[in-house]
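**Q** If you scroll down you'll find the structure; I have some questions about it.
The values are calculated or read from the model by the stated rules, or taken from the named source; none is laboratory data. As the structure is a prediction and not an experimental result, all values here were calculated from the model. Every residue, glycine as well, gets a Cβ built from its backbone with ideal geometry; the counts of neighbours run over all protein chains shown. Side chains are part of the model used for accessible areas, which takes the heavy atoms of the whole protein and leaves out ligands, DNA and RNA. Shrake-Rupley method; radii C 1.70, N 1.55, O 1.52, S 1.80 Å.
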Amino acid sequence: MDISKLQKARYDYKPKMPKILLSDIACIKTYDEESTESIGDQAQIKKLFPRTYGMSEVTIRRGKSAGTGKEINIGVILSGGQAPGGHNVIAGLYDAMHKSNIDSHLIGFKGGPSGLLNDRWMEITQPLLEYYRNTGGFDIIGSGRDKIETEAQIAQCEKVLQKHEISALVIIGGDDSNTNAAVLAEQFAEHKVPVQVIGCPKTIDGDLRNDKVELPFGFDTATKTYSELVGNIERDANSSRKYWHFIKLMGRSASHIALECALECQPNIALIGEEIQAEKMTFQMVVRHIADVVATRAARGNNFGVVLIPEGVIEFIPEFQSLINEMNERIAQKEQEISKLASSKERIAFVSKLLTPEHCKVFIQLPGFVQEELVMDRDPHGNVQVSKIETEKLIAEMVDIEMAKRKKAGCYRGSFNYQTHFFGYEGRCAFPSNFDANYCYSLGYTSFVLIANGLSGYMASIGNLHDYVDNWQPGGIPLTMMMDMEERMGVMKPVIRKALVDLNGIPFQFFKAHRDQWEIETCYNNPGPIQYWGPENITDRPTKTVWLEQMHHE
């Protein structure tokens, strides 16, 4: 197999860890801090999770760990969409458990949760792992989006885990995957199944975070990858000076990626879905705002610009949010009938009749390609597959129409030509930044420490991420602490709450304070590619979001 020189060099990178994790593994243990309660719906969450609710946060400090030194079999699952650094979580877990006992075994379940259900597995060995250290992707065992919810599924998991004599399971995933981890931990406790469950926070979208989980892994690498691409396009725009570039970025439920890329690259416009929702901006208001900036820049002789668009922005626009909510509900009720319709045209006509007159009016005014995308098959949770809606094309076309109207009315004399882009998969499996390589390895190592200390129903966490790696603080957060109740396909279910952009937070306020200047002037910043060698302030730096948040707290 031909391997690039960069890949060979990355195999050899030795991730840095918090100083406490560098101690003899038998000499570090967990210490209870404050007891916890769920972020919302406390009575309902406590009723659903009576055995794992209210557990204490834990920190890892020096002390004698009674659980190390034993031979142990641990299972691991990669769940959900890919994120840079997943392989290093597995590497950190593997190295920690083998420092504790060389005869321990790590079992990887293939293809996500379905691998556990169907008993598809492979042992992760040292020779195998050497080909995956510090690399992107989840290809060591693959991933999947299956859920483990029913009693029959949980019983099957128990059977498979007991067959392999597995006493701990690490689930690496996002909010839904870690909700699965919480359910399994509770059910195993209820049925007295001797299997601990530990989660790890993963998602490039950045929406699995709270006061205790500063950042999910993958966000750092993905946003730096996207920022390089955005910066390249900005340089091109300023060179050719003839196109407006509309760039959609991943981020279905939150606008963290768009905000981080805006802080890095200083585009002319970055739409933040949470602000659009808070300000109750209609679609026409969004279009007119962009058109105003286009006109103002044209008056200065600048018929070019860059607009960043979160992939889920359409759900934050009030009339679309209301429309999509109704469509999700009505389509769920008529799912079997709709699935029998052969063409998009038939689906559009059928769905139109299901909607209230108000929502039908919004729906039929949309371009045909958007109507088709809105009636496509739903995701596993019954929601519109927002990533498949060409929002960047829709917004660009509507701005084009608005500029033509203004030109016809004589109030605009510039030219408007546009290009559209969607940066999504480009960032999900990139070589991890040094930050993510270090962070993920530490998360895997921490997962074993939590297991060795007898914990279950916890998420591995690393705090103080803005500081040098030596000073990072590993610990564990009860999964139930992050949960509330949410309606899914018409049923209220416990879920880990997604974190949206905080409009009062320092990162957004910094963006807000500078965007008026960025709109009118050409203030583009090209951060360039991720750096792996050189000064630590370049190679190991966290995202601007993390830096701004933590610097403010200090």
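**Q** Mind pulling the angle between the C-alpha long axis of helix 86-100 and the longest principal axis of the chain? Nearest 10 degrees, somewhere in 0 to 90.
**A** 10 degrees
**Q** Hey, another quick one. Roughly how many Å is it from the Cα centre of segment 289-354 to that of segment 114-193, as a whole number?
**A** Between the Cα centre of segment 289-354 and that of segment 114-193, the gap is 36 Å.
**Q** Now for a different question. Between Arg51 and His98, what is the label-to-label distance in nm when each label sits 7 Å out along the Cα-to-Cβ direction?
**A** So the label points at Arg51 and His98 sit 3.3 nm apart.
**Q** From the P(r) of segment 420-485, can you give the percent of Cα pairs sitting at distances over 16 Å?
**A** 59 percent
**Q** For segment 60-199, report the % of Cα-Cα distances exceeding 25 Å.
**A** For segment 60-199, the fraction of Cα-Cα distances above 25 Å is 24 percent.
**Q** Heavy atoms only, probe 1.4 Å: what % of the accessible area of segment 427-554 goes to carbon and sulfur, would you let me know?
**A** Here carbon and sulfur together make up 50 percent of the probe-accessible area.
**Q** Here is a follow-up. Rounded to the nearest 5, what % of the DSSP beta bridges within segment 61-148 are antiparallel ones?
**A** Here the share of antiparallel DSSP bridges comes out near 50 percent.
**Q** Can you give the % of DSSP beta bridges in the chain that are antiparallel, to the nearest 5?
**A** Taking every DSSP beta bridge within the chain, about 45 percent pair in antiparallel fashion.
**Q** Taking a 1.4 Å probe, which of Leu259, Leu22 shows the most accessible area, and what order do the others take after it?
**A** Of Leu259, Leu22, the descending order of accessible area is Leu22, Leu259.
**Q** Still on this structure, I have one more. Counting alpha carbon pairs within less than 8 Å and at least 6 residues apart, what relative contact order, in whole percent, applies to the chain?
**A** Relative contact order of the chain: 24 percent.
**Q** Translational diffusion coefficient of segment 302-407 at 37 °C, 0.692 mPa s, Stokes-Einstein with Kirkwood Rh over Cα pairs, in µm²/s as a whole number.
**A** The Stokes-Einstein estimate is 221 µm²/s.
**Q** Would you work out if segment 226-354 is rounded, prolate or oblate? Take a ≥ b ≥ c from the square roots of the eigenvalues of the alpha-carbon gyration tensor; rounded if a/c is under 1.5, else prolate when a/b is larger than b/c, oblate otherwise.
**A** Prolate, because a/c is 1.5 or more and a/b exceeds b/c.
**Q** Given Cβ point charges of +1 (Lys, Arg) and -1 (Asp, Glu) and nothing else, what value in debye, to the nearest 20, does the dipole of segment 378-530 about its Cα centre take?
**A** Value, rounded to 20: 580 debye.
**Q** Further question on the same structure: Per residue, what accessible area does the chain have, given a 1.4 Å probe and all protein chains present, in Å²?
**A** 42 Å²
**Q** Tell me which chymotrypsin sites (Phe, Trp or Tyr not before Pro) from segment 436-475 have a DSSP coil assignment and no more than 15 other beta carbons within 10 Å of their own.
**A** Tyr468
**Q** Right, here's the next one. Output needed: percent of Cα pairs per 10 Å distance bin for the chain, bins running from 0 to the one holding the longest distance.
**A** Pair shares across the bins are 4, 17, 27, 25, 17, 8, 2, 0.
**Q** To the nearest 10 degrees, how steep is helix 283-299 against the longest Cα principal axis of the chain, on a 0 to 90 scale?
**A** The answer is roughly 70 degrees.
**Q** For segment 305-448, with only Lys/Arg (+1) and Asp/Glu (-1) charged at the beta-carbon, what is the dipole magnitude about the Cα centre, in debye rounded to 20?
**A** 580 debye
**Q** Moving on to the next point. For every helix of n ≥ 4 consecutive DSSP H residues, a contribution of -39,500 (n - 2.57) applies; sum these over the chain, divide by its total residues, and give [θ] at 222 nm rounded to the nearest 500 deg cm²/dmol.
**A** After summing the helix terms and dividing by the residues of the chain, the value is -13000 deg cm²/dmol.
**Q** How much length would be gained if the chain were fully extended between Tyr131 and Glu346, taking 0.36 nm per residue of separation minus their Cα-Cα distance, in nm to one decimal?
**A** 72.5 nm
**Q** Still on this structure, I have one more. For segment 137-262, divide the Cα radius of gyration by the Kirkwood radius and give the resulting Rg/Rh value with two decimals.
**A** 1.15
**Q** Which whole-number percent of Cα pairs in segment 420-554 have a distance greater than 19 Å?
**A** More than 19 Å apart: 69 percent of the Cα pairs in segment 420-554.
**Q** Based solely on C-alpha atoms, express the radius of gyration and the Dmax of segment 194-301 in angstrom.
**A** When restricted to the Cα atoms of segment 194-301, Rg and Dmax are 17.5, 70 Å.
**Q** Would you mind pulling out the separation of the Cα centroids of segment 1-80 and segment 224-255, in Å?
**A** Distance between centres, Cα-based: 36 Å.
**Q** Still on this structure, please answer the following. Per the Debye formula with a single identical scatterer at each Cα and no solvent contribution, what log10 I(q)/I(0) holds for segment 486-554 at q = 0.13, 0.19, 0.24 Å⁻¹?
**A** Values returned for q = 0.13, 0.19, 0.24 Å⁻¹ are -0.66, -0.97, -1.13.
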